[in-house]
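A.B. asks: Right, I'll just put the structure down here and ask away after.
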Amino acid sequence: MTDILVVRGAVKSYGAVQALRGADLTVARGEVHALCGDNGAGKSTLIKLVSGVESPDDGTLSVAGREARFAGPHEALAAGIATIHQDLGLAPRMTIYQNIYMGSELEKRLLGIPVLDRAAMIAGAQGFLKQLGSTLDDMTAPVENLSGGQRQAVAICRALRWKAEIIIMDEPTAALGVRETQQVLKLIRMLKANGVTVILVSHNMNDVVAVADRVTILQGGRSVQARATDGLSADALARLIMDERAA
Ligand SMILES: Nc1ncnc2c1ncn2[C@@H]1O[C@H](COP(=O)(O)OP(=O)(O)OP(=O)(O)O)[C@@H](O)[C@H]1O
Ligand SMILES: [Mg+2]
């Protein structure tokens, strides 16, 4: 497997606070890569650099072997990196298909005038959801009627619509119950089956060992360990995070 994303020596300060002090992250194409660490370890800051929300003070970022520098999230998106934040960024009153195509609506021409192509967007939305194994069938249902797991599916479909090759999910199961958490883990497995690379930021050790191939552990703004999750239990992972903290 080749590396699709490599961050080396990322440094980022907010005033006097050094959020990142030389963090590294190497993600192989097609894997599910977890980013773990205690509160304040720098996970969200690292994700902000990768998704173009913030720019690093120092360090390099390369995507598919090419050095990248993002002036904003739109540039990261153009490079194939989509981020799903914890709030999902969905418009609750709008329909499933409108959310998936928000900002990139499909159009057709009617007597030479461009109009929204509702039928094409409904069919497209259905296609993306099928790809994820979702059973949602009414694409005109408002997102506010959906469960937490189903909302995640819609947010992921929007990323797929942008042709994202890397999807970053920040704490996707934090607000979910057991059943919905399982649904989200299934979505992550489906993404992987579709060849999408997933970066999963999570405090949930069970989720991490259940779906991630590799894990990078951050502590105090540095990457202290990157390893496969093979043979790693949730308890052992929690201990790794804590041991590193004590070290
Ligand atoms: N915009 C900001 N302004 C000032 N300090 C910040 C800002 N963002 C993050 N920090 C600080 O940088 C450090 C790293 O924060 P970050 O949010 O990256 O951690 P995290 O690993 O995502 O933590 P959590 O698990 O709590 O989400 C913390 O000390 C935090 O207080
Ligand atoms: Mg965070």
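The values are calculated or read from the model by the stated rules, or taken from the named source; none is laboratory data. Please read these numbers as outputs of a predicted model, since none were measured by experiment. Glycine gets a Cβ as well: all are built from the backbone with ideal geometry, and neighbour counts include every protein chain shown. Calculation scope for accessible area: heavy atoms of the full protein, side chains included, ligands and nucleic acids excluded. Shrake-Rupley method; radii C 1.70, N 1.55, O 1.52, S 1.80 Å.
A.B. asks: So in the range 40-57, with the set limited to residues that are more than 8 Å from ligand 1 (Cβ to nearest atom) and in contact with a helix residue (DSSP H, G or I) (Cβ under 9 Å, 6 or more places away or on another chain), which one is farthest from Gly80 (Cα to Cα)? Working first, answer last.
C.D. replies: Going residue by residue through the range 40-57, those that are more than 8 Å from ligand 1 (Cβ to nearest atom) are 49-57.
Next, from what is left, pick out any that are in contact with a helix residue (DSSP H, G or I) (Cβ under 9 Å, 6 or more places away or on another chain): 50-56.
Numbers: Val50: 11, Ser51: 10, Gly52: 12, Val53: 15, Glu54: 17, Ser55: 17, Pro56: 19 Å.
By that ranking, first place goes to Pro56.
A.B. asks: Turning to a different aspect of this structure: Of all residues in the range 84-99, which are open to solvent by 10 Å² or more (accessible area, probe 1.4 Å) and either closer than 20 Å to Ala123 by Cα or modelled with pLDDT of 95 or more (or both)?
C.D. replies: Matches in the range 84-99: Leu90, Ala91, Pro92, Arg93, Met94, Thr95, Tyr97, Gln98.
A.B. asks: Applying the selection to the range 22-61, what residues are among the charged types (D, E, K, R) and more than 27 Å from Leu232 (Cα to Cα)? It would help to see each step written out before you state the result.
C.D. replies: Our first condition is that a residue be among the charged types (D, E, K, R); within the range 22-61, this holds for 24, 29, 31, 38, 43, 48, 54, 57-58.
Within the range 22-61, Lys48, Glu54, Asp57, Asp58 qualify.
A.B. asks: Still on this structure, I have one more. What tally of residues in the range 130-169 results from selecting those that are acidic (Asp, Glu) and over 20 Å from Gly103 (Cβ atoms)?
C.D. replies: First, the residues of the range 130-169 that are acidic (Asp, Glu): 137-138, 144, 165.
In the following step, the residues that additionally are over 20 Å from Gly103 (Cβ atoms) were identified as 137-138.
Residues that pass the stated criteria total 2.
A.B. asks: Looking at (1) part of a loop (DSSP other than H, G, I, E, B); (2) of a type in the set (Asp, Glu); (3) in the same structural domain as Thr229 (by TED's automatic domain parsing), which one does Asp138 not meet, given that it meets all the others?
C.D. replies: Asp138 satisfies every listed condition except (3).
A.B. asks: Scan the range 1-27 for residues that are away from ligand 2 (no atom under 16 Å from the Cβ) and among the small types (Gly, Ala, Ser) and jot them down.
C.D. replies: Gly9, Ser13, Gly15, Ala16, Gly22 - these are the residues of the range 1-27 that are away from ligand 2 (no atom under 16 Å from the Cβ) and among the small types (Gly, Ala, Ser).
A.B. asks: If you don't mind, another one. Given the conditions (1) at pLDDT below 95; (2) in the same structural domain as Ala23 (by TED's automatic domain parsing), which single one is not true for Met169?
C.D. replies: Going through (1) at pLDDT below 95; (2) in the same structural domain as Ala23 (by TED's automatic domain parsing) one by one, Met169 breaks only (1).
A.B. asks: Here's a follow-up. Name the residue, out of Ala10, Ala16, Ala71, that is among the hydrophobic types (A, V, I, L, M, F, W, C), outside the structural domain of Thr140 (by TED's automatic domain parsing) and open to solvent by less than 60 Å² (accessible area, probe 1.4 Å).
C.D. replies: Ala10
A.B. asks: Here is a follow-up. Suppose we keep only residues that are over 19 Å from Asn206 (Cβ atoms), open to solvent by 50 Å² or more (accessible area, probe 1.4 Å) and in a loop (DSSP other than H, G, I, E, B) within the range 29-53. Which one would you say is farthest from ligand 2 (Cβ to nearest atom)?
C.D. replies: Arg29
A.B. asks: Pull out all pairs, ordered by first then second residue, where Cβ-Cβ is under 6 Å, the residues are six or more apart or on different chains, the first lies in the range 145-168 and is among the basic types (Lys, Arg), and the second is part of a helix (DSSP H, G or I).
C.D. replies: Final answer for the pair search is Arg158/Ile100; Arg161/Ile100.
A.B. asks: Moving on. Take the conditions in contact with a helix residue (DSSP H, G or I) (Cβ under 8 Å, 6 or more places away or on another chain) and buried (at least 22 other Cβ atoms within 10 Å of the Cβ) and apply them to Val154. Does it pass?
C.D. replies: It is true that Val154 is in contact with a helix residue (DSSP H, G or I) (Cβ under 8 Å, 6 or more places away or on another chain) and buried (at least 22 other Cβ atoms within 10 Å of the Cβ).
A.B. asks: Which one is farthest from Leu200 (Cα to Cα), of the residues in the range 213-243 that are more than 21 Å from the chain's Cα centre (by Cα) and open to solvent by 40 Å² or more (accessible area, probe 1.4 Å)?
C.D. replies: Only one residue tops the list, namely Asp243.
Residues are listed down the side, and each one gets a yes or a no for (1) touching a Ser or Thr at 6+ places or on another chain (Cβ under 9 Å); (2) within 30 Å of Gly231 (Cα to Cα):
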position: Ile100; (1), (2): no, no
position: Ser104; (1), (2): no, no
position: Gly124; (1), (2): no, no
position: Leu129; (1), (2): yes, no
position: Thr140; (1), (2): yes, no
position: Asn145; (1), (2): no, no
position: Ile166; (1), (2): yes, yes
position: Gln183; (1), (2): yes, yes
position: Asn204; (1), (2): yes, yes
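A.B. asks: Could you tell me which of the residues Leu132, Leu191, Leu146, Leu185 is more than 16 Å from ligand 1 (Cβ to nearest atom), crowded, with 17+ Cβ neighbours inside 10 Å and closer than 25 Å to Ile241 by Cα? Spell out how you get there, then give the answer.
C.D. replies: Working: Leu132 fails: closer than 25 Å to Ile241 by Cα; Leu191 fails: closer than 25 Å to Ile241 by Cα; Leu146 fails: closer than 25 Å to Ile241 by Cα.
Unique residue meeting the criteria: Leu185.
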